[in-house]
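Trainee: One structure, as structure tokens, below. Some questions next.
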Amino acid sequence: MDARKWGGPVSLGSRPRAGTEADMALEARVREVVVSGPSGPGALIPLLQLVQEKVGHLPRVSLSLISEKLGLPESRIYGVATFYAQFHMKPRGKYVVRVCQGTACHVRGGKTILEAVEEQLGVKPGDTTPDLLFTLERVACLGACGLAPTMIINDDTYGRLTPVKAQKILASLAEGGTGTTAAS
């Protein structure tokens, strides 16, 4: 049996692949996390979670390094990473903005809230602003139907929104505020 299959001793090498200084620094960070992370059967998801926790997302190089450590094909690792919504292959913003498009929010103007947020941030759902401050997501339901239309930014819920209120909240956060004073 191949020891690599179950996370046996595998040298991940210390020589970074070619790339920019930023690429090499990112690879070094990921390599450090992968080497010190779990191994063996059942280690794939915990290792993906650890890399994402430490790096903020799952860069392409992480799939290669995890493949080397666990002896699994990169295609399997990619399949797992893209199957679960908890994993993100691209960098995410400091603020993750989730705008509800569920029935109650839709009826009360959720579409106009999403459009106002898109306009304010200059990105579409699934994208992150170039400054890595905001990531925009469209969600089916936030479970706050009584506050419709709503959006959640990280762990804070904002309800009974208008397009102007939503944009003021985002502007407050962009300026280093809490977003709470703009909601009133």
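Values in this text are rule-based calculations from the coordinates and carry no lab data. Just so it is clear, the model here is predicted, and its values are computed rather than measured. Note that we place each Cβ from the backbone using ideal geometry, even for glycine, and neighbour counts take in every protein chain shown.
Trainee: Please give me, ordered by residue number, the chymotrypsin sites (Phe, Trp or Tyr not before Pro) of the range 30-130 that lie in loop per DSSP and have at most 12 other Cβ atoms within 10 Å.
Mentor: Those that pass, being in a loop and sparsely packed, are Tyr84.
Trainee: If each residue of separation counts as 0.36 nm, what is the full-extension length gain between Lys54 and Asp127 once their alpha-carbon separation is subtracted?
Mentor: Answer, rounded to one decimal: 24.2 nm.
Trainee: Only sites in a loop by DSSP and with at most 13 other Cβ atoms within 10 Å count here; which GluC sites (Glu not before Pro) in the range 87-184 make the cut?
Mentor: Passing both the DSSP loop test and the Cβ count: Glu175.
Trainee: Separate question: Relative contact order of the range 77-175, please, whole-number percent, based on alpha carbon pairs below 8 angstrom and at least 6 residues apart.
Mentor: 31
Trainee: Let me ask something else. Pulled fully out, how much extra length does the chain show between Arg160 and Thr20, if you take 0.36 nm times their separation in residues and subtract their Cα-Cα distance?
Mentor: Difference between extended and current length: 45.8 nm.
Trainee: For a quick check, take a GNM of the chain with Cα springs below 10 Å and name the residue from Val34, Val99, Val80 with the largest mean-square fluctuation.
Mentor: Val80
Trainee: Of all DSSP beta bridges located in the range 95-183, what percent are antiparallel, nearest 5?
Mentor: 55
Trainee: With θ set to phi - 60° and the Karplus curve 6.51 cos²θ - 1.76 cosθ + 1.60, what are the ³J(HN,Hα) couplings of the range 28-34 in order, to the nearest whole Hz, using x for Gly and Pro?
Mentor: Per residue, the Karplus-derived 3J(HN,Hα) values read 5, 4, 5, 4, 4, 5, 5 Hz.
Trainee: Which of the following values of mean projected area of the Cα convex hull in nm² was calculated from the structure shown: (1) 10.2; (2) 12.1; (3) 15.5?
Mentor: It is the value labelled (2).
Trainee: Output needed: Cys residues of the chain lacking any neighbouring Cys C-beta below 4.7 Å, sorted by number.
Mentor: Here Cys141, Cys145 come out as lacking a disulfide-compatible partner, given the Cβ-Cβ threshold of under 4.7 Å.
Trainee: Given a cut-off of under 8 Å on Cα pairs at least six residues apart, what relative contact order in percent is computed for the range 21-142?
Mentor: Relative contact order, the range 21-142: 21 percent.
Trainee: Any idea what angle helix 60-70 forms with the longest principal axis of the chain, computed on alpha-carbon atoms, 0 to 90 degrees, nearest 10?
Mentor: That helix lies at roughly 40 degrees to the long axis.
Trainee: By how many degrees, 0 to 90 and rounded to 10, does the Cα axis of helix 163-174 deviate from the longest principal axis of the chain?
Mentor: 50
Trainee: What aspartates and glutamates sit close enough to Lys168 to cross-link, taking a C-alpha to C-alpha distance under 16 Å and skipping anything fewer than 8 places away on the same chain?
Mentor: Cross-link targets: Glu115, Glu118, Glu119, Asp156.
Trainee: Under a straight-distance cross-link criterion of Cα-Cα below 21 Å, which lysines are reachable from Lys90, leaving out those fewer than 8 residues away in the same chain?
Mentor: Hits, sequence-local ones excluded: Lys54, Lys124.
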